[in-house]
Amino acid sequence: MTGGPRRRARSFSRLTPYLFIAPAVILFSIFTIYPIIASFLLSFQTRQAGSYVFAGLANYARLISDDYFLTALLNNFTILAIQVPVQLVLALLIAVGLNSALVRFKGAFRVAYFMPAITALVAYSVVFVILLNTDFGLVNYFLHSILKLPKIDWLANPFWAKVGLMMAITWRWTGYNMVIMLAGLQQISGELYEAANIDGAGTVQRFFRITVPMLKPIILFAFILSTIGTLQLFDEPYILTKGGPNNATLTAALYIYRQGFQYFDFGYASAISYVLVAIIAVLSWFQLKIGGADSD
Amino acid sequence: MIERKNLIARILLFAGLIAGAFLSLAPFYWMFIAATHSTGEIFALPPNLLPGKHLLSNLANLQAEVGLARVVFNSTILAVVYTIVTVFLSAMAGYAFAKFQFRGRDAIFFGVLITIMVPYQATLIPLFSTMAKLGWINTYKAVLTPNLANAFGIFLMRQNMQAVPTEMIEAGRIDGCSEFGTFMRIVLPSMRPALAALAIYMFMFQWNNFMWPLVVLNDPKMYTIPVALSSLIGLSRIDYGQLMLGASVSTLPIMAVFLILQRQFISGILSGSVKG
């Protein structure tokens, strides 16, 4: 067996791995790397007489005093500050409930809660358009005819439109996050809980002393995903409200679409998208930094 | 005493979970029911919660309004072709990154990986210009090509391919298989669960994809289901029966796959969670 080691060392042609990665890498360079660079360059250009010319930081300067852009960013951050925590807390509570030894039919519950996460964003949004209809929607029917509360002008009132949008997003993503957390919970050793029981810890104490700290990496992961998703929010406001009423649900992505594909101001739209890139990068970095600081 | 407290806790917990599950599922029930009603019946008070008689007329209207058959065909062909090509390209690249030593490997892989962090909006404008220059607006290729090489798919396949025993690959080589033959006949078959999970994720991504098709498709004949739905909601008089039937058509195939392949489905979607 003298040939063994030599064959192992030089058993493939030098070219082989490059041939395997070539199709993906070539496509990737054309359709991902090039556009990322091109839109960065475009963000410093403006259109004059049909062609794009270098304009320095003009697009970025314009952003700072663009009320629509600032409104859009504020809307994104409002949703981030309210909807994301609500959704993650709900997901965690449901996951803990499902994981408890008391509950039967875990599999069926998991399917039921996960179901919203399979729907197309557009499809569930059109369903919510009707559910949230002011005069005929099921939500107002329940509030008005059964609970005898006043009807709410979902989708047409700037405040309630935001609430309605957040309700819809919460419906779509809570189960998804719940399944992520449930997978994490199942990794926590039962011995930890038994030891806590012997020490006389109650349910609430066990939740805050064991579950939350042990699950922290997973919660952080879900938090970063939700943050990125929220900052890129497009399909739901596009369908539910078109960004209205009075721009109450205008998001940054919706504004990029508007500037790029309705006003065809590619330079400005690119500048907005790069601000979004920067915000997402900074926020993710902060979340990792804060989340990682006291974890070990 | 503890027994009793336990029982109450169990009942409360169970009631809460049932209520949550009800909220999760009720919109689906309502969507399917509303697909069988006319707009007037959908907006009746108290609401109609049982199936109606307008399924066929909604179907006919939807066909007349958006060309449902063609739209479903577009979505299907796009999702199937996209899934096959993307999974295959990801597997090839992932295999090379996992099982070969070559110059530049780590740098190239890192270059691919870092783009996962960049939101797709940042590529939208130049991609659109490229498609316009190529004359690809309103074509399947315009919808498909930008995501064919998928950073996430490559990453996932590389992770999974590391589990392929090197001895197995060498056995293939010794038996006289070509490198590509080894990959096709030995590596890929051993990767079936990971390929299935990735395929489910990619199929759903393309089937549900909205913003990019919205940008590159403006001929109603080329619309995918989500784009057709969004065009319905832009009409001055919206036919809600049609709309709910369209939403049902969009949801049913994915729901069927989900109910049949729950485990693979959830692992597929969760493995894809990097793309949110």
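Here, each number is a calculation from the coordinates, and none is a lab measurement. What you see is a predicted model; the values in this text were computed from it and never measured. All Cβ positions, even for glycine, are placed from backbone atoms using ideal geometry, and neighbour counts span all protein chains on display.
Note on chain A: GNM, Cα springs under 10 Å; of A:Phe266, A:Phe28, A:Phe159, the largest mean-square fluctuation is that of A:Phe28.
Over all directions, the projected convex hull of the C-alpha atoms in chain B averages 22.4 nm² in area. Shielding by partners for peptide A:259-266, expressed as the average number of C-beta atoms from other protein chains within 10 Å of each residue's C-beta, is 3. From the Kirkwood radius over Cα pairs of chain A, Stokes-Einstein at 25 °C and 0.890 mPa s returns a whole-number translational diffusion coefficient of 107 µm²/s. Rounded, prolate or oblate: which fits the range A:82-194, taking a ≥ b ≥ c as square roots of the Cα gyration tensor eigenvalues, rounded meaning a/c under 1.5, else prolate when a/b beats b/c? Here the range A:82-194 falls in the prolate category.
Across A:Val86, A:Val163, A:Val25, mean-square fluctuation computed from a Gaussian network of chain A (C-alpha pairs under 10 Å connected) peaks at A:Val25. Subtracting the Cα-Cα distance of A:Ser51 and A:Phe142 from 0.36 nm times their residue separation leaves 27.2 nm of extension gain. Cross-link reach is defined here as a Cα-Cα straight distance under 13 Å, omitting same-chain residues fewer than 8 places apart; for A:Lys151 the aspartates and glutamates meeting it are A:Asp135.
All distinct Cα pairs of the protein assembly as shown go into the 1/r average, and the inverse of that average, the Kirkwood radius, is 25.9 Å. Its relative contact order, with pairs defined as Cα atoms under 8 Å and 6+ residues apart, puts chain B at 31 percent.
Mean separation of Cα pairs under 8 Å and 6 or more residues apart, divided by the residue count, gives chain A a relative contact order of 26 percent.
Here the Kirkwood formula puts the hydrodynamic radius of the range A:223-296 at 13.6 Å, using every distinct Cα pair. From its DSSP helices (H runs of at least four residues, each -39,500 (n - 2.57)), chain B gives a residue-normalised ellipticity at 222 nm of -23000 deg cm²/dmol.
In summary, the lysines within cross-link reach of B:Lys133, defined as a Cα separation below 27 angstrom excluding same-chain residues under 8 places away, comprise B:Lys141, B:Lys221.
Could you identify which residue out of B:Leu217, B:Leu55, B:Leu134 has the top mean-square fluctuation in a GNM of chain B using Cα springs shorter than 10 Å? Its mean-square fluctuation being the largest, the pick is B:Leu134. Helix-only arithmetic for chain A: the sum of -39500 (n - 2.57) across DSSP H runs with n ≥ 4, divided by the residue total, places the mean residue ellipticity at 222 nm at -21500 deg cm²/dmol.
Suppose every Lys and Arg Cβ carries +1 and every Asp and Glu Cβ carries -1, with no other charges. What dipole size does the range B:60-275 come out with about its Cα centre, to the nearest 20 debye? Provide the component values of the computation, followed by the final result.
Working: 14 positive and 8 negative charges, 32 e Å.
Charge dipole of the range B:60-275: 160 debye, to the nearest 20.
For A:Lys148, a cut-off of 30 angstrom between C-alpha atoms picks up these lysines, skipping any fewer than 8 places away in its own chain: A:Lys162.
Since only B:Asn208, B:Leu113, B:Met92 are under comparison, the one whose Cα sits farthest along the positive direction of the charge dipole of the range B:60-275, derived from C-beta charges on Lys, Arg, Asp and Glu, is B:Leu113.
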